[in-house]
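Peer 1: Take a look at the following structure, please.
The values are calculated or read from the model by the stated rules, or taken from the named source; none is laboratory data. The structure displayed is predicted, hence computed values, not measured ones. Cβ placement follows ideal geometry from the backbone for every residue including glycine, while neighbour counts extend to all protein chains displayed.
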Amino acid sequence: MVKALILIMLEPKTFENANKIIRIPGVKSGFLVFGHYDYAAFVDVPNLEKVGQISDKIQRLRFVRYVETLIER
């Protein structure tokens, strides 16, 4: 299994949409955060390819500005 943390910067005034991220298959948990990023999503999937697919899916959401993916070593 591959574990990853996806840090997400949201568009201004779209925080109420962030709960849609947790509904994406493979996202195990997530929550709003303070700091450079607005949301942290924890992913647990079988392989690296799936992490990329989830990251891309999040990036395509209209209320997402930027995504950075950190993969557990």
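Peer 1: How many residues are more than 10 Å from LEU7 (Cβ to Cβ) and over 13 Å from the mean Cα position of the chain (by Cα) when one looks only at the stretch 28-44? Please lay out each step first, then the result.
Peer 2: Start the filter on the stretch 28-44 by keeping residues that are more than 10 Å from LEU7 (Cβ to Cβ), which leaves 28-32, 34, 42-44.
Checking which are over 13 Å from the mean Cα position of the chain (by Cα) leaves us with 34.
Within the stretch 28-44, residues that are more than 10 Å from LEU7 (Cβ to Cβ) and over 13 Å from the mean Cα position of the chain (by Cα) number 1.
Peer 1: Which members of the stretch 3-27 meet the condition of being within 16 Å of VAL67 (Cβ to Cβ), over 11 Å from the mean Cα position of the chain (by Cα) and assigned to a loop (DSSP other than H, G, I, E, B)?
Peer 2: Of everything in the stretch 3-27, those that are within 16 Å of VAL67 (Cβ to Cβ), over 11 Å from the mean Cα position of the chain (by Cα) and assigned to a loop (DSSP other than H, G, I, E, B) turn out to be GLU11, THR14.
Peer 1: Looking only at the stretch 37-49, which residues are of a type in the set (Phe, Trp, Tyr) and either within 14 Å of THR14 (Cβ to Cβ) or surrounded by 18 or more Cβ atoms within 10 Å (Cβ to Cβ) (or both)?
Peer 2: Within the stretch 37-49, TYR37, TYR39 meet the criteria.
Peer 1: Same structure again: Tally time: how many residues in the stretch 60-73 are assigned to a loop (DSSP other than H, G, I, E, B) and either farther than 13 Å from MET1 by Cα or in contact with a Ser or Thr (Cβ under 9 Å, 6 or more places away or on another chain) (or both)?
Peer 2: 4
Peer 1: Does any residue in the stretch 1-30 that is surrounded by 17 or more Cβ atoms within 10 Å (Cβ to Cβ) come within less than 6 Å, Cβ to Cβ, of a residue that is outside any loop (DSSP other than H, G, I, E, B) and among the acidic types (Asp, Glu) six or more places away or on a different chain, and which pairs are these?
Peer 2: Partner pairs satisfying both residue conditions: LEU7/GLU68.
Peer 1: Hey, another quick one. Which condition number does GLY35 fail, the rest of (1) small (Gly, Ala, Ser); (2) touching a residue at least 40 places away in the same chain (Cβ under 8 Å); (3) at positive phi being met?
Peer 2: So the condition that GLY35 fails would be (2).
Peer 1: Would it be correct to say that TYR66 is under 13 Å from LYS20 (Cα atoms) and either surrounded by fewer than 16 Cβ atoms within 10 Å (Cβ to Cβ) or modelled with pLDDT of 95 or more (or both)?
Peer 2: Answer is no for this residue.
Peer 1: Here is a further query. Can you pull out the residues in the stretch 37-49 that are outside any strand (DSSP E or B) and either within 12 Å of VAL67 (Cβ to Cβ) or touching a Leu at 6+ places or on another chain (Cβ under 8 Å) (or both)?
Peer 2: TYR37, ASP38
Peer 1: Is one or more of the residues making up the stretch 50-59 part of a loop (DSSP other than H, G, I, E, B), surrounded by fewer than 17 Cβ atoms within 10 Å (Cβ to Cβ), at pLDDT 95 or above and under 12 Å from the mean Cα position of the chain (by Cα)?
Peer 2: No; the residues of the stretch 50-59 include none that is part of a loop (DSSP other than H, G, I, E, B), surrounded by fewer than 17 Cβ atoms within 10 Å (Cβ to Cβ), at pLDDT 95 or above and under 12 Å from the mean Cα position of the chain (by Cα).
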